[in-house]
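Take a look at the structure set out below.
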Amino acid sequence: MRLSKTLGKGLALAALATLLAGLLTACPQVVVGWIDLTANAINSDRCDDGIKAVIEVEEGSLIAHPIDPGETEEIYGAGAYWVWVKPGHVYTIRFQTTRAFDANAANETLTVKAYCMRKNTEPGLSERTFDADLFLTEAGVVDTKITVWDTGTDSDYTVTSPGLMIDYPHP
């Protein structure tokens, strides 16, 4: 009797383990989306205090950068939706998009604001808005690299001079 109880419990545990393993392997693989934001403050004499780049999207569309690096040799700082790069440096910060944002990307936009930071005066501002579905992958997630840099001339979407270029790699 004792052997049959032990054997019965063992078989029940084995069946439960097999069921759980089957359920876990049947779960769809989570595909993650990204927005890489690069601020290039090299050769940017107009922006003598660096370049600050900000992503504006619906609240909750991005997962904040996991590590706040604080001030480093390259940046003054970075936050959940921004990075401020020191003159003469380039820095890329990666933001993970949420599944809810990816699922609704066809109806969403993202705006990048680029500030030409200047000592002793107001910054210049460029602002460019993109349709998020422009960056959808075959897996249905947003994945792009957006770069901000000074071309030496104001862009078409300059709000306040001096304005920066905001662009993404074209397919």
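Consider region 123-140 and keep the residues that are in contact with a Leu (Cβ under 8 Å, 6 or more places away or on another chain) and of a type in the set (Gly, Ala, Ser). The one that is surrounded by the most Cβ atoms within 10 Å (Cβ to Cβ) is 126.
Yes or no: region 109-116 includes at least one residue that is crowded, with 18+ Cβ neighbours inside 10 Å, of a type in the set (Lys, Arg) and in contact (Cβ under 8 Å) with a residue 12 or more places away in the chain. Within region 109-116, one or more residues are crowded, with 18+ Cβ neighbours inside 10 Å, of a type in the set (Lys, Arg) and in contact (Cβ under 8 Å) with a residue 12 or more places away in the chain.
Can you say whether residue 94 is surrounded by fewer than 20 Cβ atoms within 10 Å (Cβ to Cβ) and within 15 Å of the chain's Cα centre (by Cα), as far as the supplied structure shows? Considered against the rule, which asks whether it is surrounded by fewer than 20 Cβ atoms within 10 Å (Cβ to Cβ) and within 15 Å of the chain's Cα centre (by Cα), residue 94 comes out as yes.
Contact map, region 127-145: first residue at pLDDT 90 or above, second residue of a type in the set (Lys, Arg), Cβ cut-off under 7 Å, separation 6 or more or different chains; pairs are 127/113.
Go through region 53-171 and tell me which strands (runs of 3 or more DSSP E), entirely inside it, have 2 or more residues that are under 16 Å from residue 37 (Cα atoms). Because the criterion is at least 2 residues that are under 16 Å from residue 37 (Cα atoms), the strands (runs of 3 or more DSSP E) in region 53-171 that meet it are 75-78, 82-85, 90-97, 109-116, 124-131, 143-149, 165-167. Within region 146-166, the set of residues being open to solvent by less than 40 Å² (accessible area, probe 1.4 Å) and without any contact (Cβ under 8 Å) to a residue 40 or more places away in the chain comprises 155, 158.
Set side by side, the residues 88, 79, 70 differ, and just one is open to solvent by less than 40 Å² (accessible area, probe 1.4 Å), small (Gly, Ala, Ser) and at positive phi, which is 70.
The values are calculated or read from the model by the stated rules, or taken from the named source; none is laboratory data. Remember, it's a predicted structure, so these values are computed and weren't measured experimentally. With ideal geometry, Cβ positions are generated from the backbone for all residues, glycine too; neighbour counts draw on all protein chains shown. Areas reflect the complete protein model, heavy atoms only, side chains present, ligands, DNA and RNA absent. Shrake-Rupley method; radii C 1.70, N 1.55, O 1.52, S 1.80 Å.
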